[in-house]
Amino acid sequence: MKQWSKGFDKRRESDDVATFRLSVAGEENAERLSLAVQAGFAGHGFAYRIDTLQDGSSVARVVATMAGHSVVRGENGDEKKKHRFHLSDRRQQDRQFSAPTRAMIASRIAETLGVKEDTVSVKPIGEPSHGKAGVVFQLSRLTHDGAAIGADGVTIASEEAVRQTAQFWDKTLNSYKPRDTMHMILSAKAGEDGQALVRAARGFLHEQFPNHKFAFGMHADMAEEGGHISCPRDRRGEG
């Protein structure tokens, strides 16, 4: 394992979904803040709540996917161009949007509301999450003490609605998670030649996974009871 691990992928799994706090200085109208959310997070999966603070100002809590798209005008009409929100380095204690992402969101909102970009504040709350399970976690927190509104205007107020939303968003998350090893089983019916199975397994691995490290062994403990014989094997994911 120590030798195999030298070739493992060192990249972290992707940040796929996060919660953000959005406010616009001087804006207390919930409808206008809703417009700000829709403009700033357009092209992404998102759900939000508008809360009124003690001083009468409004703030939006937004759960949004990091992957999204922009609609740009091309030679053959409007086209979707994929992009991704980016956060500052994980080692920073107070993580923020990267400067280009922050500028993009602020400009969208400023243009929609007719305000200056420096009045827009949007910051991550807590740590981002990974995959569909991360979407469920973030949405469950958002709806814990009240309903949220999805990008399509549908209310998200139940566990079932949260799961359905996560299922829908899962198709566009563009998740990345390192896969360094995998476990497979090649089996044959009871009574077959065990050594032939071993030769077949070895030939299969060399043909299908050249330049990969692997180890395998034959299990025949169930053969006496009429079960299958098998060759479980572990393969390192990188060649």
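Listing for the model above:
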read-out	value
Selection count, the range 88-120, where residues are among the small types (Gly, Ala, Ser), more than 14 Å from residue 39 (Cα to Cα) and either in contact (Cβ under 8 Å) with a residue 40 or more places away in the chain or not in a helix (DSSP H, G or I) (or both)	2
Among residues of the range 145-157, those that are of a type outside the set (Asp, Glu), assigned to a loop (DSSP other than H, G, I, E, B) and within 21 Å of the chain's Cα centre (by Cα), counted	1
Hits in the range 121-137 - residues which are of a type in the set (Phe, Trp, Tyr) and part of a strand (DSSP E or B)	none
Answer from 131, 153, 146 - the residue that is touching an Asp or Glu at 6+ places or on another chain (Cβ under 9 Å), small (Gly, Ala, Ser) and exposed (fewer than 14 other Cβ atoms within 10 Å of the Cβ)	146
Of all residues in the range 180-202 being over 30 Å from residue 13 (Cβ atoms) and within 37 Å of the chain's Cα centre (by Cα), the one that is modelled with the highest pLDDT	202
Which numbered condition residue 225 fails, given (1) surrounded by 12 or more Cβ atoms within 10 Å (Cβ to Cβ); (2) at pLDDT below 75	(1)
Residue in the range 125-143 that is within 22 Å of residue 21 (Cα to Cα) and more than 22 Å from the chain's Cα centre (by Cα) present	no
Selection count, the range 55-78, where residues are within 21 Å of residue 25 (Cα to Cα) and hydroxyl-bearing (Ser, Thr, Tyr)	2
Residue among 84, 73, 108 that is of a type in the set (D, E, K, R), out of contact with any Ser or Thr (no Cβ under 9 Å at 6 or more places or on another chain), assigned by TED's automatic domain parsing to the domain that holds residue 43 and surrounded by 15 or more Cβ atoms within 10 Å (Cβ to Cβ)	108
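The values are calculated or read from the model by the stated rules, or taken from the named source; none is laboratory data. Nothing here was measured: the structure is a model prediction, and the numbers come from that model. Glycine also receives a Cβ, built like all others from the backbone with ideal geometry; neighbour counts cover every protein chain displayed.
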